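Undergrad: Quick one: this structure, given as structure tokens, is what I'll be asking you about.
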Amino acid sequence: MEISKAIRRVDNDEKVSGIAKFIADVKLEGMLYAKTLRSTRPRARIKSIKIPKLPNGYFIVDKNDVPANNRVKLIFTDQPFFAEDVVNYIGEPILLVVGPDKAKVLEILEQIEVEYEDLEPIFTIEDAESGTKPPIFGDDNLFADYEFTKGDPDAAFARAYRIIEGEYRTGIQEHIYLEPQGMLATYEDGTVTVYGSMQCPFYVKNALVYALGWPEDRVRVVQTTTGGGFGGKEDYPSLIAGHAAFAAIKTGRPVQLILDRTEDIEATTKRHPSIIRHRTALDASGRIIAMEIDIKLDGGAYATLSPVVLQRSMFVSTGPYHIPNVRVRGRAYATNNVPRTAFRGFGAPQSIFAVEMHMTNIAEALGENPIDFKMRYFLKKGDDTATGGSVHTDVKLDEMTRQVIEMSNFYEKFERFRKEKGDTVLRGIGFSAFLHGCGFTGKGEEVIKATAKLRRRDDGKVEILVSSVEIGQGAQTTLRKIVAFALGIPMEDVVYENPDTSRVPDSGPTVASRTVIIVGGLLEQAAKELKARWNESGEIEVIKTYRHPEYVRWDDEKFVGDAYPEYSWGVNVAEVEVDPVTFEVRVKKVWGVYDVGTPLDERVVRGQLEGGIVQAVGYATIEVMESKNGKLMQNTITDYIIPTSIDAPEIETRLVVSPYPYGPFGAKCLGELPMVGCAPAVAAAIQHALGLKVDEIPARPELLLKKWLEKSR
Amino acid sequence: MKIEFELNGQKVSVDVEPTMRLLDVLREHFGLIGVKEGCGEGECGSCTVLLDGKAVPSCLVPVGMVMGRRVMTIEGYRKTKKFKVLLDAFAEAGAVQCGFCTPGIIMAVESLLSENPHPTDEEIRRGLSGNLCRCTGYNMIVNAVKLAAQKGAGLW
């Protein structure tokens with residue numbers, strides 16, 4: 001399609017030349033700086049806080065400065081903006097020091113003394129499960145506890161010829177967007193305006209309205225150029241936007257709050273670590289007749305988005321496979337760790353890792369090639385999903401798999417590497433197949449009712465008015481392209497400013513790979529209507545509100561039906577080299593074939609695929625984050641290692657297109673898909689190289705060595 | 001202490017503590033916001049500038065060290081012909097996503113190409129290994145550098 005041809009990114013030049021203004025680059029007249037005093041204890045009661053005498057022009061801002069509700073409004077309202085009587089994780093904000101000189105602010109911060117009375121902390125899922133310690137959240141210490149069933153798994157297990165079990169673990173992952181989080185608030189004429197780095201301007205606005213108890217028209221939120229998000233700037237910005245706003249209201253001056261990197265690592269959200277158990281029933285012919293899956297997530301100290309992360313994790317936990325009988329249990333535990341929330345993939349990378357490794361292990365147990373085994377279970381159009389919904393459009397996994405086999409020369413290498421017993425290097429190759437549910441999970445899109453607006457202005461330009469933001473993923477280019485192509489006008493005639501909640505409708509947050517398929521879809525519809533009305537004189541406005549296609553059915557109580565309106569699909573092959581002495585893993589090459597519907601810009605799509613693959617390679621191998629007594633052992637970029645240009649594997653990707661009739665120009669979802677599925681391909685390749693089970697990621701050398709020694713014992 | 005140096009081709013002078021980070025002097029005294037702070041410990045490369053033509057992380061350089069030397073930031077570099085070649089190569093290869101790391105990467109690429117105008121893939125990867133990018137996965141940046149080396153042949 002013409003629209004698929006790459007064009008120059010609209011934000012290329014301002015970013016390359018350093019002109020783009022990120023929030024730390026904005027300075028206002030009379031602006032003050034804020035720094036946060038944070039808890040140094042994982043769980044404690046605050047007995048007293050001793051504050052030194054403040055010089056003129058310096059302020060303390062704390063829980064008493066929150067006008068209405070000291071709670072960040074999200075799914076629950078358990079998280080305070082500032083700690084009240086207790087702290088629940090190391091890094092939890094207690095108060096701000098605000099003033100004109102940054103160095104002085106830091107000096108005051110260091111003089112503040114907090115006296116704590118330690119309480120019994122809960123650090124791990126096992127800790128939480130034991131039930132011996134006082135709960136952090138509710139009576140059962142669970143942010144969410146769900147179960148759903150399809151078919152009759154009990155009967156299937158009762159008649160099973162063989163049952164194969166496995167337990168899989170995934171680690172904490174930190175976003176490391178290159179731009180640390182930050183906000184700037186002003187208070188003028190009774191209105192508070194917050195500018196900052198964020199994915200979801202209306203999450204921030206709604207949280208502020210609740211905290212302030214003010215009418216909506218006195219709260220305005222404006223997104224500034226955002227240096228990466230990956231989910232880390234989904235809900236966390238609401239908390240610091242509150243901090244900056246309370247400080248601006250108290251001082252009557254603009255207040256800037258920028259986190260330094262260590263603060264950002266220690267205090268902001270993470271990907272949930274998980275423990276996932278699989279039980280699979282096979283009949284006498286070796287065919288899978290049922291799966292039982294038990295997912296446990298460590299949610300950290302506050303609920304954030306854990307219930308929905310858990311839902312996505314559960315809904316895709318059988319992978320891209322058609323399994324007749326299914327039972328999935330899921331629990332998200334409260335612990336005294338830094339809160340976990342959204343991170344590209346949103347619970348899916350954990351459960352896809354588990355099911356992919358488990359399917360690989362079943363194939364090995366049956367003496368089959370994992371690709372051939374997996375291919376037999378691929379979902380097809382018309383099949384029912386794990387939640388008993390339907391696959392409504394074509395699935396091209398067979399073709400995609402054939403392509404990736406050919407690109408990577410999989411079968412030949414699979415046999416050859418197994419026979420090689422290199423002294424200097426052990427080589428392996430692994431395969432994974434996966435899917436991603438497009439848009440919000442379950443009832444999300446029905447609740448948010450995304451609204452998008454197009455306005456043809458008096459100057460002839462067409463303006464996009466949505467709350468979706470550019471965070472690097474290419475929204476500025478792609479959404480403009482949808483409108484320009486649908487209207488048949490030049491790109492330069494389409495205007496799309498960074499969203500300002502006082503000017504744009506709520507098209508929902510910039511999350512869940514929903515920006516193109518949902519918001520882009522609304523813009524395409526709006527553009528078509530605008531085109532039909534093009535000859536009208538003067539300004540024209542067209543507003544569209546999202547509704548699922550007629551066929552989508554979902555029961556949010558029982559978790560039955562279409563958890564997502566549509567799916568994107570992918571397959572990966574990864575080739576690795578493992579050093580037999582140090583057990584260091586080098587991911588040599590990753591091949592990928594994806595179906596994301598019509599690509600709206602082939603270069604933007606490729607950028608998302610390659611970036612997602614490298615994040616997943618990091619997740620699978622080197623991104624180690626450990627916590628000891630609630631304290632992160634890696635709190636700098638020196639210690640928490642993400643892939644560099646030397647670590648990044650060679651990548652070769654292809655697209656297979658199955659257009660989605662309800663997506664703009666046939667597009668589906670893209671951003672999360674490559675992150676969701678690549679880690680198990682890497683882990684399977686390591687497993688193949690070493691001939692041992694890689695049931696835990698990151699597969700760091702220490703872990704591999706331990707398993708190697710156990711194996712050779 | 002009064003510190004004099006050449007900044008983006010102009011003689012400048014600032015009166016600050018010599019231990020102040022060059023990064024802060026550039027951003028706060030000279031308003032050069034293209035120099036970004038990503039980590040403050042010399043790991044991410046977002047604050048990369050050229051010191052006598054060589055890429056350095058400006059967060060690790062005390063300003064006293066640049067006395068009498070040449071400092072170039074993206075703001076000075078973007079006026080050059082070589083920059084225009086990189087700008088177009090980055091667009092064509094899809095090397096930019098969120099853009100926070102990009103100005104620092106541009107400075108690192110200048111440092112690399114000025115030493116080695118025709119680098120191999122391996123040399124490019126090594127040359128950029130001090131600059132983190134969380135969005136692109138790097139390969140498209142490596143391609144941009146190759147493209148620039150080719151299109152800008154003779155400039156470096």
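Since every read-out is calculated from the coordinates, none of them should be taken as a lab result. None of the values given here were measured: they were computed from a predicted structure. No Cβ is skipped: glycine too gets one built from the backbone with ideal geometry, and neighbour counts run over all protein chains shown.
Undergrad: If you count, for every residue in A:226-233, the Cβ atoms of partner chains within 10 Å of its Cβ, what is the mean?
TA: Average neighbour count from other chains, rounded to a whole number: 3.
Undergrad: Quick one: dipole size for chain A, taken about the Cα centre, charges +1 on Lys/Arg Cβ and -1 on Asp/Glu Cβ, in debye to the nearest 20.
TA: 460 debye
Undergrad: Next up: Which one of A:Ala616, A:Met491, A:Ile517 is farthest out on the positive end of the charge dipole of the protein assembly as shown, using unit charges on Cβ (Lys, Arg +1; Asp, Glu -1) and the Cα centre as origin?
TA: The Cα lying farthest towards the positive end belongs to A:Met491.
Undergrad: Another question, if that's okay. Along the stretch A:646-663, what does the Karplus equation 6.51 cos²θ - 1.76 cosθ + 1.60 (θ = phi - 60°) give for ³J(HN,Hα), rounded to whole Hz, x for Gly and Pro?
TA: With the stated coefficients, the stretch A:646-663 comes to 7, 7, 5, x, 5, 10, 9, 10, 9, 10, 10, 9, 10, x, 9, x, 9, x Hz.
Undergrad: Hey, got the average number of other protein chain Cβ atoms within 10 angstrom for residues in A:640-653?
TA: On the way: counts 1, 2, 5, 5, 11, 20, 6, 3, 9, 3, 3, 4, 1, 0.
Average per residue, whole number: 5.
Undergrad: Can I ask one more? Looking at this model, which pairs from A:Lys588/B:Lys82; A:Lys5/B:Lys151; A:Lys27/B:Lys36; A:Lys35/A:Lys631 are more than 26 angstrom apart at the alpha-carbon?
TA: On the way: A:Lys588/B:Lys82 33 Å; A:Lys5/B:Lys151 22 Å; A:Lys27/B:Lys36 14 Å; A:Lys35/A:Lys631 20 Å.
Violating the 26 Å limit, Cα to Cα: A:Lys588/B:Lys82.
Undergrad: Name the longest site-free stretch of chain A, where the excluded sites are GluC sites (Glu not before Pro) in a DSSP loop with no more than 15 other beta-carbon atoms within 10 Å. Write down the numbers at each step before the final one.
TA: On the way: sites that count: A:Glu29, A:Glu84, A:Glu368, A:Glu420, A:Glu497, A:Glu536, A:Glu539, A:Glu550, A:Glu557, A:Glu584, A:Glu626.
Within chain A, the longest run free of exposed GluC sites (Glu not before Pro) spans A:85-367.
Undergrad: Can you sort A:Thr644, A:Thr132 by how many other beta carbons sit within 10 Å, fewest first? Please report the intermediate quantities before stating the final value.
TA: Values: A:Thr644 21, A:Thr132 9.
Going from sparsest to densest Cβ surroundings: A:Thr132, A:Thr644.
Undergrad: What is the calculated FRET efficiency for A:Arg159 to A:Glu412, with r their C-beta to C-beta distance and R₀ = 25 Å, to the nearest 0.05? Spell out each step's value before the answer.
TA: Numbers: r = 39 Å, r/R0 = 1.56.
With a Förster radius of 25 Å, E is 0.05.
Undergrad: On a full-extension model of 0.36 nm per residue, what is the gain between A:Ile543 and A:Asp189, subtracting their alpha-carbon distance, rounded to one decimal in nm?
TA: Details: separation 354, 0.36 × 354 = 127.44 nm, distance 3.07 nm.
Length gained, A:Ile543 through A:Asp189: 124.4 nm.
Undergrad: Okay, moving on. If I model a spin label as a point 7 Å beyond the Cα along the Cα-Cβ vector, how far apart are those points for A:Lys381 and A:Glu399 in nm?
TA: Distance between the two pseudo-spin positions: 1.1 nm.
Undergrad: Any chance you could tell me what percent of the C-alpha pair distances in the stretch A:450-545 go past 17 Å?
TA: Values: 1915 of 4560 pairs.
Value for the stretch A:450-545: 42 percent of Cα pairs lie more than 17 Å apart.
Undergrad: Go through the stretch A:146-163 residue by residue and turn each phi into a ³J(HN,Hα) via Karplus (6.51, -1.76, 1.60, θ = phi - 60°); whole Hz please, and just put x for glycine and proline.
TA: 10, 8, 9, 9, 10, x, 10, x, 4, 5, 5, 5, 5, 9, 5, 7, 8, 10
Undergrad: Please arrange B:His118, A:His392 by how many other C-beta atoms lie within 10 Å of their C-beta, fewest to most.
TA: On the way: B:His118 11, A:His392 17.
With the fewest neighbours first, B:His118, A:His392 line up as B:His118, A:His392.
Undergrad: In chain A, which Cys residues have no partner Cys with a Cβ closer than 4.7 Å?
TA: Result for chain A is A:Cys200, A:Cys678, no neighbouring Cys Cβ within the cutoff.
Undergrad: How big is the antiparallel share of DSSP beta bridges in chain A, given as a percent to the nearest 5? Provide the component values of the computation, followed by the final result.
TA: Numbers: 94 of 122 bridges.
Roughly 75 percent of the beta bridges in chain A run antiparallel, per DSSP.
Undergrad: For the protein assembly as shown, what class follows from the C-alpha gyration tensor (a ≥ b ≥ c being the square roots of its eigenvalues): rounded when a/c is under 1.5, otherwise prolate if a/b is larger than b/c, else oblate? Before the final figure, lay out the partial values.
TA: Values: a/c = 1.32, a/b = 1.25, b/c = 1.05.
Rounded is the answer for the protein assembly as shown, as its axis ratio a/c remains below 1.5.
Undergrad: Too long at a 32 Å Cα-Cα cut-off: which of A:Lys63/A:Lys558; A:Lys233/B:Lys11; A:Lys396/A:Lys558; A:Lys21/A:Lys628? Spell out each step's value before the answer.
TA: Numbers: A:Lys63/A:Lys558 39 Å; A:Lys233/B:Lys11 41 Å; A:Lys396/A:Lys558 30 Å; A:Lys21/A:Lys628 38 Å.
Result: A:Lys63/A:Lys558; A:Lys233/B:Lys11; A:Lys21/A:Lys628 exceed 32 Å.
Undergrad: Arrange B:Phe100, A:Phe583, A:Phe143 by Cβ neighbour counts within 10 Å, fewest through most, would you?
TA: Values: B:Phe100 30, A:Phe583 20, A:Phe143 27.
In order of increasing Cβ crowding within 10 Å: A:Phe583, A:Phe143, B:Phe100.
Undergrad: While we're here: Restrict the search to the stretch A:224-307; then list the trypsin sites (Lys or Arg not before Pro) that DSSP places in a loop and that have at most 13 other Cβ atoms within 10 Å of their Cβ. It would help to have the intermediate numbers written out before the result.
TA: Values: sites: A:Lys233, A:Lys250, A:Arg261, A:Lys270, A:Arg271, A:Arg277, A:Arg279, A:Arg287, A:Lys296; in loops: A:Lys233, A:Arg287.
Qualifying residues, ordered by number: A:Arg287.
Undergrad: Filter the chymotrypsin sites (Phe, Trp or Tyr not before Pro) in the stretch A:394-456 down to the DSSP loop ones having no more than 16 other Cβ atoms within 10 Å, then list what survives.
TA: Values: sites: A:Phe410, A:Tyr411, A:Phe414, A:Phe417, A:Phe431, A:Phe434, A:Phe440; in loops: A:Phe440.
Of the chymotrypsin sites (Phe, Trp or Tyr not before Pro), not one in the loops of the stretch A:394-456 has a Cβ with at most 16 other Cβ atoms within 10 Å.
Undergrad: When a/c is below 1.5 the answer is rounded, else prolate if a/b is larger than b/c, else oblate, so apply that to the stretch B:2-74 with a ≥ b ≥ c taken from the square roots of the Cα gyration tensor eigenvalues. Could the numbers behind the result be given before it?
TA: Details: a/c = 1.56, a/b = 1.35, b/c = 1.16.
Taking the square roots of the gyration eigenvalues as a ≥ b ≥ c, the stretch B:2-74 is prolate.
Undergrad: So what J values fall out for the stretch A:625-632 if you push phi through Karplus, 6.51 cos²θ - 1.76 cosθ + 1.60 with θ = phi - 60°, rounded to Hz, Gly and Pro as x?
TA: Result, rounded to whole Hz: 10, 10, 10, 10, 6, x, 9, 6.
Undergrad: For the pairs A:Lys296/A:Lys706; A:Lys150/A:Lys296; A:Lys481/A:Lys668; A:Lys150/A:Lys380; A:Lys419/A:Lys589, note any where the Cα-Cα span goes beyond 22 Å. Don't jump to the answer; show the numbers that get you there.
TA: Working: A:Lys296/A:Lys706 24 Å; A:Lys150/A:Lys296 20 Å; A:Lys481/A:Lys668 15 Å; A:Lys150/A:Lys380 18 Å; A:Lys419/A:Lys589 20 Å.
Exceeds cut-off: A:Lys296/A:Lys706.
Undergrad: Average partner chain C-beta neighbours within 10 Å, per residue of B:100-113?
TA: Average neighbour count from other chains, rounded to a whole number: 3.
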